[in-house]
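Below: the structure, in structure tokens.
The values are calculated or read from the model by the stated rules, or taken from the named source; none is laboratory data. Fair warning: this is a prediction, and the values are worked out from it, not measured in the lab. Note that we place each Cβ from the backbone using ideal geometry, even for glycine, and neighbour counts take in every protein chain shown.
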Amino acid sequence: MRDLASIIGLKVFSSKEGREVGTVSQAIVSLSSGALEGLIVGKGPSEKGIAASDVEVIGTDAVMVGTYRVARHLSELPSLMERRRDPAAGPREVLTAAGRRLGVLSTVYIDPINKRVSRYEVSGGAWRDITEGVICLTPMEGTVDGRDSVVVPAEALAATPGEGGLKQQLAKLSELAKSQAQQAAESLSETGDSVKKGWGGVVGAAKTLAQNAQDKKDEPQASPAAPVAGDAGEASPAAEPPAAAHEPGEGQEPGARDQAQPQEQPSAPPDTSHEDSGWEACQPAPTDDDSGPTEGDDQHNG
């Protein structure tokens, strides 16, 4: 959408000859039908009119027409001549058919593609516009678009609330806050349900583990059977091999190593009792000559 006032001041060119036709001074629209009726270019004696059917493009920086010849004197375009207003005149009043004043015509929005009015705003003054917002109306049947005022049906006002005012913004914010609060409450409720379910699962698992532990504790312990001595079918346990001598570490002193070595136990002397008895039997009996030393022997020794 585009503000109708933004068209004022644009230059008009012909696309066929490339000539400048003039500068737009007024844009004439019907607030009853919503149609663009035409443009007025130039000022004073050089004023001319261009019918809406001859306008090809309403661009951002210029208005294009087919040929410069479409710009004609206003006397040849009675609809534009009748609706033309003095640029120095103030804005038109907007009233209802019941005689209620709504404000003044402020902004008219037009679609530059199809060249039709989409809506127009009615200002009730700075304070009312701030608190209650401007009144937005659309072209409708029964609207009287006169030279000095615009009269709209009374029922049109009831269906068109103000826009942009503090009251409306506060109402929107209130609705938004309520919606967000409701969504937050629903989210918290869902979260609480999830937490409850999760906690219930944890408690159930803990109870199950405790019950399993109690069941295992209550089970009787089976004692191992004692081995039966002399059982023919059971082999006697093999004797354990002697423990290996402790090898002292490298850091130990030689004395410590010697002390670490196990001492050998002396073996018992062999039993020779049977041998002595035989040996004594084989010895000759002592004689008198052998009983002691003789006199001669004593002398000889002496």
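Cβ-Cβ contacts under 6 Å between residues 6 or more apart (or on different chains), taken from a first residue in the range 60-89 that is more than 11 Å from ILE50 (Cβ to Cβ) to a second residue that is buried (at least 16 other Cβ atoms within 10 Å of the Cβ) and acidic (Asp, Glu), are listed as SER79/GLU37. Given the structure, is PRO139 surrounded by 13 or more Cβ atoms within 10 Å (Cβ to Cβ) and assigned to a loop (DSSP other than H, G, I, E, B)? Criteria met by PRO139.
Residue by residue, here is whether (1) closer than 20 Å to ASP145 by Cβ; (2) buried (at least 18 other Cβ atoms within 10 Å of the Cβ) holds:
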residue: ALA5; (1), (2): yes, no
residue: SER14; (1), (2): no, yes
residue: GLY18; (1), (2): no, no
residue: SER25; (1), (2): yes, no
residue: LEU39; (1), (2): yes, yes
residue: LYS48; (1), (2): no, yes
residue: ASP54; (1), (2): no, no
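Going by what's in this entry, would ALA126 be described as in contact (Cβ under 8 Å) with a residue 24 or more places away in the chain, aliphatic (A, V, I, L, M) and more than 18 Å from THR23 (Cβ to Cβ)? No: the conditions fail for ALA126. Selection of the range 56-107 for residues being surrounded by 15 or more Cβ atoms within 10 Å (Cβ to Cβ) and among the β-branched types (Val, Ile, Thr) yields ILE58, VAL63, VAL65, VAL70, VAL94, THR96, VAL104.
Might you let me know whether the range 59-66 holds any residue that is at pLDDT 90 or above and farther than 30 Å from PHE13 by Cβ? Lay out the reasoning, then the answer.
Just the residues of the range 59-66 that are at pLDDT 90 or above, to begin with: 59-66.
Filter once more, so that each one left must be farther than 30 Å from PHE13 by Cβ: none.
No, because not a single residue in the range 59-66 is at pLDDT 90 or above and farther than 30 Å from PHE13 by Cβ.
Limited to the range 87-121, what total is found for residues that are in a loop (DSSP other than H, G, I, E, B) and among the hydrophobic types (A, V, I, L, M, F, W, C)? So that I can check it myself, show each step before the final result.
Step one: filter the range 87-121 for residues in a loop (DSSP other than H, G, I, E, B), giving 87-92, 97-100, 112-115.
From what's left, among the hydrophobic types (A, V, I, L, M, F, W, C): 88-89, 97-98, 113.
Within the range 87-121, residues that are in a loop (DSSP other than H, G, I, E, B) and among the hydrophobic types (A, V, I, L, M, F, W, C) number 5.
Restricting to the range 109-133, and then to whatever is surrounded by fewer than 18 Cβ atoms within 10 Å (Cβ to Cβ) and among the aliphatic types (A, V, I, L, M), can you tell me which residue is modelled with the highest pLDDT? Ranking the candidates gives ILE113 first. Would you confirm whether or not the range 13-26 contains a residue that is free of Cβ contacts under 8 Å to residues at least 60 places away in the same chain, outside any loop (DSSP other than H, G, I, E, B) and within 30 Å of LEU95 (Cα to Cα)? Within the range 13-26, one or more residues are free of Cβ contacts under 8 Å to residues at least 60 places away in the same chain, outside any loop (DSSP other than H, G, I, E, B) and within 30 Å of LEU95 (Cα to Cα). Among the residues of the range 53-68, are any under 24 Å from SER118 (Cβ atoms) and part of a helix (DSSP H, G or I)? Yes; the residues of the range 53-68 include at least one that is under 24 Å from SER118 (Cβ atoms) and part of a helix (DSSP H, G or I).
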